[in-house]
Amino acid sequence: MAITVFLMIALLGCDASGDEPGGKATASYQETPRTMPGKEANQDTREFHKYLLENESTRNLTAIFIDVKIEGADSGLSAQIITSLDRDLRAPDSPDQEKAERLATAFTAWRTERFKDHGSVKIYNPAAETMTLATW
């Protein structure tokens, strides 16, 4: 539900430059409140926050993601993580790319260690552009 609302907000912030020849559609960043540990909207987000806080090397990653949504079953799991990364919408050449990749690595480790399941995860910036994709 939260991702649906977020995506609708992101789409409303899109601005297509149709007056210019070869104009490229651009998206504007929508300020989204950061989800703080203990105040998460869903169980998956809450559990992933807990996992990140358990490890010194991943604690700082809790401040960059907003929501986790996992769908599917067994080996067909699909996860989406909305972040506050890449606010200037420079994906794929974002200076936040390394953080997005670290978040994907931490997520795949969490799912593998705790649930021993399989799937894929996409890390999105605030405009719902994919920054990185990983499988576990």
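The values are calculated or read from the model by the stated rules, or taken from the named source; none is laboratory data. Note that the structure is a prediction, hence the values are computed from the model and not measured. Reconstructed Cβ throughout: ideal geometry from the backbone, glycine too, with neighbour counts over all protein chains shown.
Considering each of Ala127, Ala106, Ala134 in turn, give the residue that is at pLDDT below 95 and either surrounded by 13 or more Cβ atoms within 10 Å (Cβ to Cβ) or out of contact with any Lys or Arg (no Cβ under 8 Å at 6 or more places or on another chain) (or both).
Of Ala127, Ala106, Ala134, the one residue that is at pLDDT below 95 and either surrounded by 13 or more Cβ atoms within 10 Å (Cβ to Cβ) or out of contact with any Lys or Arg (no Cβ under 8 Å at 6 or more places or on another chain) (or both) is Ala127.
Could you please tell me which pairs satisfy a Cβ distance under 6 Å, a separation of 6+ or placement on different chains, a first residue in region 108-136 that is on the phi > 0 side of the Ramachandran plot, and a second residue that is modelled with pLDDT under 95 and not in a strand (DSSP E or B)?
Listed pairs, sorted by first residue: Ala128/Leu7; Ala128/Ala10.
So for region 103-120 (the condition being part of a loop (DSSP other than H, G, I, E, B), within 18 Å of Glu47 (Cα to Cα), of a type outside the set (Val, Ile, Thr) and out of contact with any Gly (no Cβ under 9 Å at 6 or more places or on another chain)), does at least one residue qualify?
Looking for residues that are part of a loop (DSSP other than H, G, I, E, B), within 18 Å of Glu47 (Cα to Cα), of a type outside the set (Val, Ile, Thr) and out of contact with any Gly (no Cβ under 9 Å at 6 or more places or on another chain), one finds at least one in region 103-120, hence yes.
Are there any pairs with C-beta distances below 6 angstrom linking a residue in region 77-94 that is at pLDDT below 95 to a residue that is among the hydroxyl-bearing types (Ser, Thr, Tyr) and assigned to a loop (DSSP other than H, G, I, E, B), with the two at least 6 apart or on different chains, and if so which?
Asp86/Ser94; Arg87/Tyr29
I'm trying to understand the selection: among the residues of region 53-103, which are of a type in the set (Ser, Thr, Tyr) and either surrounded by 12 or more Cβ atoms within 10 Å (Cβ to Cβ) or out of contact with any Asp or Glu (no Cβ under 9 Å at 6 or more places or on another chain) (or both)?
Correct list: Ser57, Thr58, Thr62, Ser78, Thr83, Ser84, Ser94.
Answer with yes or no whether Ala79 is among the small types (Gly, Ala, Ser) and not in a helix (DSSP H, G or I).
Answer is yes for this residue.
Quick one: Phe65 ticks every box in (1) at pLDDT 95 or above; (2) under 11 Å from the mean Cα position of the chain (by Cα) bar one, so which box is it?
The single condition Phe65 does not satisfy is (1).
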